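Quick notes on the structure that follows.
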Amino acid sequence: MLSDPRSRALVDNFAGQWLRIRNLSIVSPNSDLFPDFDDNLRQAFRRETEMLFDSIIREDRNVLDLMTAGLHLRE
């Protein structure tokens, strides 16, 4: 079932709604705190999240990988 090209809709719709990545288009971070934030970065955030979600589904990974994906960045 995941090999069906329509499975992409799962990533686009479910992840878009559940992770609220659809809302990225209306996010406007404080430009004083995040001067380098632009539309390219906004799109990269979205794409990276979609790719991670897709990987978790297709590789039958633990959903906790989604929750802990950024923890190593804080070390």
Requested in this report: Any chance you could list P(r) for the chain, counting all Cα-Cα pairs in 5 angstrom bins from zero, rounded to whole %?
Outcome: 3, 13, 21, 22, 19, 12, 6, 3, 1, 0
Query raised in the report: So what is the accessible area of the chain per residue, in Å², with the probe set to 1.4 Å?
Result: 81
Report summary line: Summing -39500 (n - 2.57) over every DSSP H run of at least 4 in the chain, dividing by its residue total and rounding to the nearest 500, the 222 nm mean residue ellipticity is -10000 deg cm²/dmol
Query raised in the report: Residues with beta-carbon under 14 Å from that of residue 31, excluding residue 31: net charge, scoring Lys, Arg +1 and Asp, Glu -1?
Result: -3
Requested in this report: Heavy atoms only, probe 1.4 Å: what % of the accessible area of the chain goes to carbon and sulfur, would you let me know?
Outcome: 54
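The values are calculated or read from the model by the stated rules, or taken from the named source; none is laboratory data. These numbers come from a predicted model, not from an experiment. In this analysis, Cβ positions are derived from the backbone assuming ideal geometry, glycine residues included, and neighbour counts consider all displayed protein chains. For the accessible areas, the whole protein counts, side chains as well, though only heavy atoms, and no ligand, DNA or RNA atoms are used. Shrake-Rupley method; radii C 1.70, N 1.55, O 1.52, S 1.80 Å.
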